Every structure is written in C-alpha cells, then in structure tokens.
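One structure is given below, encoded as structure tokens.
The values are calculated or read from the model by the stated rules, or taken from the named source; none is laboratory data. These numbers come from a predicted model, not from an experiment. Heads up, the Cβs are rebuilt from the backbone with ideal geometry, glycines too, and the neighbour counts pull from every protein chain shown. For accessibility, only protein heavy atoms count, side chains too; no ligands or nucleic acids. Shrake-Rupley method; radii C 1.70, N 1.55, O 1.52, S 1.80 Å.
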Amino acid sequence: MKISGSIEQTLIGKRIVLGVTGSIAAYKAVILLRALLREGACVHVVMTQSATKFVTPLTFEVLSGHPVSTDLFAAQQEMKHLSLPEQADAIVIAPATANCLAKSALGLGDDLLSTMLLTAQCPLIMAPAMDGGMWTHPAVKEHVQTLRARGTVVVDPTMGLLASGQIGQGRLAEEGVILEAVQTALAPRQDWHGQRILVSAGPTQEPIDPVRFISNRSSGKMGYAIAEAAQARGAQVVLVTGPTALSPPRGVEVVSIATAEDMTKALSMRLAWSTVVIMAAAVADFRPKHPLSHKIKKQGPADRALDLERTTDILSFLSAQRTTQLLVGFAAETNDLIAHAKDKLTMKGLDLIVANDVTTAGAGFGSDQNAATLIDRQGSMTELPLMPKRALADAILNHAQALLRARQSNLSPKPANMGRG
Ligand code: CTP
C-alpha cells in the first residue's frame, strides 16, 4: 500500500477530476487527494451538494490549489460539465454513494458530477462507500455490474466497522488501493512492445533558390501524434520529419529532413530495420527541376515559369522494396474520398490507408482534430468521427495491430508488392 509519495512520481502531468459524494467517508477523500497530489497529479475536485455537508469545499480548495465545483448551474456558465471531463485523464469518485452508482449506471444527470459522467470519455474509477448492508442490495449489485461491463473500474469497499456501528462490507477502500487503481487505469498499454515503427510527418520543402521553396500546409501534428502514441504503447519509433513547429516526442528518435529526396533516403535506409511504416507526411509531388544556387532577382522578365519535375512516390518505392513490413499510408483528399483512397491503397501496395477529407471543418491540416476512414486491403472500412489526433493515432495503431495479428496467425496472405516502383 502506498500512502507516502514514491520517489518516482507516477502521475506527473496527469489531470484528475476527484468527485466526492455525500458519504461519511467524504473526509477520506482529503487523504486520497493528498496521495494523488504527492504522485504529481493536478487534481480538480467536484463535490455533490450532500458531500459539502460532510467536508467543506474550502478544505479541498486549499489542498488542491483549484476552486472546487459544486453547482451545475453556476458551472454551466463556464461549461464545466463539458470542459472538466474533456481535459481530464481520469475521473475518480471516492467515496461513491449507492445513489451515485445508480445515477451513473442509469445515465442520469441531475447535478454537476453526474452530468459530467455523461460527457466523459476518460477512464472512470469509482470507490463506493456505504452503510447498513446497502452494498449487497440487489439493485446496487446490478448497478455495479452494469458499470463494470461498461468499463468503469469499481474498487470494492472493504469489510469492517461501519459508521452505524454495524460490521459489514461498506468501508471506503484504503487510499493506496484507490491510487493503485488510478495508476493502473492510466498506465499506457505496452501492446506495441517489440515493434519497430518508422513514421513520417510534416511537409517537405523543395527549393526554388536558396531563400524560396515549394511546400504545403501540413503541420506534422498527425505524424507526431502517431509517433507519440506508438512510443507510449511500447514500440521503438523513428520519426522522419519535415520542418514543423512541434517539439520532438519523448523517447522517439527524430530524423529531420527538408526535401522529398532526403525523406526517401532517410526512410529507405531504415526500412529493413522496421516492422511497420506509417507515412503521415505530406510529401511534395513536384519539385523545381533546376533549383538555383543564387537568389532569383526581381529585375528581368516580369513573367517567369517554374519548371517542375515529379518527386519519388516514397510509399510506392518502399512498397517495392519491403519484405514483411506493414505499410500504412494516408490519403488527403478534397473530393471522392473513398474512391481516391482505395486507388491509392492498391496503386501504392499498402496494407492500410487512412482517408481524410481535408476540407472537413475542424479537421485536417493544422487542426488538433481529425476525422478519417480506415480502409484495409482486406476491404474492411472503418469510419471514425472527428476526434483528437492522438485518439485517431491510437485507432490507427489498433487497426494496424489487428492486421499484424491476422497476418501472424496466417489468416491473411503475406503482402504482395503492388507498388508502382
Ligand atoms: N506520398 C509519398 N510520396 C509522395 C507523395 C505522397 O509517399 N511523393 C504518400 C503520403 O505520405 C501519403 C500517401 O502517399 O501517405 C498519399 O498522399 P497524397 O498526398 O494523399 O496523394 P498523392 O500520392 O500525392 O496523390 P495526389 O496528390 O494526386 O492525391
């Protein structure tokens, strides 16, 4: 059991919403709050009205360093019921009363905390506490079952002396046990351990002269999110990136390039090392045929033409050389999304293509969100709604992993080289 801070804090940078409901065990939430803080978490406390009868919000406010939210209607002005869960890495409700479990199981939202739970996408950990044999009531049992089936982590209350003087199961679990449940829920899956992933990201820049180039609007966010997600899930990752304003993801080897030709070289020399290649880069399709070594001056003819030539299609090039690597490409389209994406999947000899309509509002270049359809060479199509690029990165990795597993169990044939070369 961990009640004092560990040397290595395990929740650094994690944003946790601590929900406190109206049980006599509410005072124990203060101890849990301190344990979460000691592990490096940033904690926002949300209390139900009845919880405030047991402990004052001021206690939580002072210790957490953040205002405590209690009122749906006050909070609604700032849309707290949406913003708090959206920003949270996890929601922990301790103590959770029988009423709180029931509302969550039934999807009721009549106060700030229960409404928040209806909008939350992050892991939810509930630590119930209740007296008088309530824990074994069939209704409570059913609600706990429903919550668990939905993915909620319910930390069983313990047996012992209850506030009423009875002995029974209903005491809030020790803070060390709840903390461990939070740590487990937030621990990154290591399901990509053993895989070596080459990811490309960002735009390329094709020089016209020493001060000018042809490029595109790619921010690199999608490729960086994939590199970050794969690294967090245990893969070894090399990120080959064009110029972006992003910080290199932690634990990822970054190779910076500028032109499509540099990117081709950087990727092809690492192809044999890799098990999976994900091309999220927006590679320039054309480059100036004769880049100049001196700056083009304004004087001279008013009309000028730029001679362009095709760059290498990197995916087709890699596809022709690969042995067993899984190849994932993107299709950035403005029209006929699925038809164009399917063509690219076949022409470039890919296993999976992420088709995204770059004209969708709030998605595509520069945005933090993206919507996409995943199409694989077995013909399966998965439409994904607008979501943060990091969530889309995980969805792409999930699909790629399913293809790797299917291949391993010989459910699908080895990839054929269908590239254009
Ligand atoms: N790609 C590549 N080499 C290029 C151009 C693109 O490897 N020279 C990759 C991209 O990284 C992406 C996929 O091919 O994964 C599709 O890129 P996209 O820009 O959508 O299509 P293009 O092949 O460039 O074709 P078009 O511009 O005509 O749509």
Being buried (at least 20 other Cβ atoms within 10 Å of the Cβ) and within 16 Å of the ligand (Cβ to nearest atom), is that true of even one residue in the range 288-311?
no
Among (1) within 27 Å of Ala245 (Cα to Cα); (2) surrounded by fewer than 19 Cβ atoms within 10 Å (Cβ to Cβ), the one test that Gln401 misses:
(1)
Does Ile208 count as in contact with a helix residue (DSSP H, G or I) (Cβ under 9 Å, 6 or more places away or on another chain) and of a type outside the set (Phe, Trp, Tyr)?
no
Do any residues in the range 351-371 that are in a loop (DSSP other than H, G, I, E, B) have Cβ atoms under 7 Å from those of residues that are open to solvent by less than 40 Å² (accessible area, probe 1.4 Å) and among the charged types (D, E, K, R), where the two are at least six apart or on different chains, and which pairs are they?
Asp351/Asp376; Val358/Glu333; Asp368/Lys389
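If I filter the range 157-179 down to residues being assigned to a loop (DSSP other than H, G, I, E, B) and not aliphatic (A, V, I, L, M), which single residue comes out as least open to solvent (accessible area, probe 1.4 Å)?
Ranking the candidates gives Pro157 first.
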Out of Ala341, Ala284, Ala332, Ala272, sole residue that is out of contact with any Lys or Arg (no Cβ under 7 Å at 6 or more places or on another chain) and more than 12 Å from the ligand (Cβ to nearest atom)
Ala272
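Please work out if Met134 is under 17 Å from Gly22 (Cβ atoms), free of Cβ contacts under 8 Å to residues at least 40 places away in the same chain, open to solvent by 20 Å² or more (accessible area, probe 1.4 Å) and of a type in the set (A, V, I, L, M, F, W, C).
yes
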Can you give me the ranges of the helices (runs of 4 or more DSSP H) entirely in the range 45-116 with at least 1 residues that are aliphatic (A, V, I, L, M) and in contact with a Pro (Cβ under 7 Å, 6 or more places away or on another chain)?
98-106
Do any residues in the range 250-273 that are open to solvent by 60 Å² or more (accessible area, probe 1.4 Å) have Cβ atoms under 9 Å from those of residues that are within 12 Å of the ligand (Cβ to nearest atom) and charged (D, E, K, R), where the two are at least six apart or on different chains, and which pairs are they?
Glu261/Glu206; Glu261/Arg287
Does Asn356 fit the bill of being open to solvent by less than 40 Å² (accessible area, probe 1.4 Å), within 16 Å of the ligand (Cβ to nearest atom), in contact with a strand residue (DSSP E or B) (Cβ under 7 Å, 6 or more places away or on another chain) and modelled with pLDDT under 90?
no
Across (1) closer than 30 Å to Gln408 by Cβ; (2) open to solvent by less than 40 Å² (accessible area, probe 1.4 Å); (3) among the aliphatic types (A, V, I, L, M), Val154 clears everything bar (1)
With respect to Ala51, determine if the residue is open to solvent by less than 40 Å² (accessible area, probe 1.4 Å), within 22 Å of Pro128 (Cβ to Cβ) and touching a Lys or Arg at 6+ places or on another chain (Cβ under 9 Å).
no
I'm told Thr323 meets every condition in (1) of a type in the set (S, T, N, Q); (2) out of contact with any strand residue (DSSP E or B) (no Cβ under 8 Å at 6 or more places or on another chain); (3) within 14 Å of the ligand (Cβ to nearest atom) except one. Can you identify the failing condition by its number?
(3)
Of the residues in the range 359-371, those that are within 12 Å of the ligand (Cβ to nearest atom) and open to solvent by less than 40 Å² (accessible area, probe 1.4 Å) come to Gly364
